[in-house]
Amino acid sequence: MIQTLGGPEFLLISGSRSFLLVAQAGAMFALCIETMDAEYCQTLEPHDLVAASAPEGGPLEPAIMLIEFVRKYRIPVTVLPRNHPGSKRFPYLVSAGPAIHTSCSIRRGTHPEQHLLCSHDELAGIVLKGTKTGVEVQNLPDEATVQRLTYHFLLDPV
């Protein structure tokens, strides 16, 4: 299934207990990935994807903010060591690249490989691929729903 996206649009893939939110990068830029031992940088193309996963569900706004931190503000991605005790406390996770694979068998926040994204088991196995016009979704579970969303941050000067 291919979903067309543009500009401020997001693709929301929902299960009964969790969700994935996906957007196109929108521009070419270097994404820095910070680990305890090194810094890796990868180039994102405009049609590449930035995705946020909420394995336990929750409000959409933090997932939107994570995506915007990466694609708009170029905030680096932080990766914890594999046995770091704080990894289980991340309610939202982010990944970016031309293709993203969801998995429930990895530890949260510990994978510098940006093609992997931790998910709840109900959304595990999904493959997201960036296209020139949007997102190709493969292996979508029958129970999952897909919606396009538009979100704009509005500032109200005081």
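Just so it is clear, none of the values below were taken in a lab; they were calculated from the coordinates. Fair warning: this is a prediction, and the values are worked out from it, not measured in the lab. Neighbour counts run over all protein chains shown; Cβ positions are idealised from the backbone, glycine included.
Quick note on the stretch 69-128: its Rg to Rh ratio, both from C-alpha atoms and Rh being the Kirkwood radius, is 0.95.
Quick one: divide the alpha-carbon radius of gyration of the stretch 1-61 by 2.2 N^0.38 Å and tell me what you get. Could you put the intermediate results ahead of the total?
Working: Rg = 14.0 Å, N = 61, 2.2 N^0.38 = 10.5 Å.
Expressed relative to 2.2 N^0.38 Å, the Cα Rg reads 1.33.
Taking the three principal axes of the alpha carbon atoms in the stretch 36-78, the coordinate ranges are 31, 28, 16 Å, sorted in descending order.
In what sequence do V127, V50 fall when counting other Cβ within 10 Å, fewest first? Mind dumping the intermediate values first?
Numbers: V127 14, V50 28.
In order of increasing Cβ crowding within 10 Å: V127, V50.
Packing, as the average of other Cβ atoms within 10 Å across residues, places the peptides 144-153, 93-102 in the order 93-102, 144-153, highest first. When the P(r) is computed for the chain, the part past 23 Å accounts for 31% of the Cα-Cα pairs. Around the Cα centre of the stretch 12-158, unit charges on the Cβ atoms of Lys, Arg, Asp and Glu (plus for the first two, minus for the last two) sum to a dipole of about 120 debye.
Can you give the calculated 222 nm mean residue ellipticity of the chain, where each DSSP H run of n ≥ 4 adds -39,500 (n - 2.57) and the sum is split over every residue, rounded to the nearest 500 deg cm²/dmol? Before the final figure, lay out the partial values.
On the way: 1 runs with 11 residues, N = 158.
Counting only the DSSP helices, I get -2000 deg cm²/dmol.
Can you give the local net charge around Y40? Use residues other than it whose beta-carbon is closer than 12 angstrom to its beta-carbon, Lys and Arg +1, Asp and Glu -1. It would help to have the intermediate numbers written out before the result.
Details: positive: none; negative: E34, D37, E39, E113.
Net charge in that neighbourhood comes out at -4.
Placing unit charges on the Cβ atoms of the charged side chains and taking the dipole of the stretch 2-149 about its Cα centre, the candidate lying farthest along the positive direction among A52, Q138, T78 is T78.
Counted residue by residue at 0.36 nm each, then reduced by the alpha carbon distance between them, the extension gain from L154 to A30 reaches 41.9 nm.
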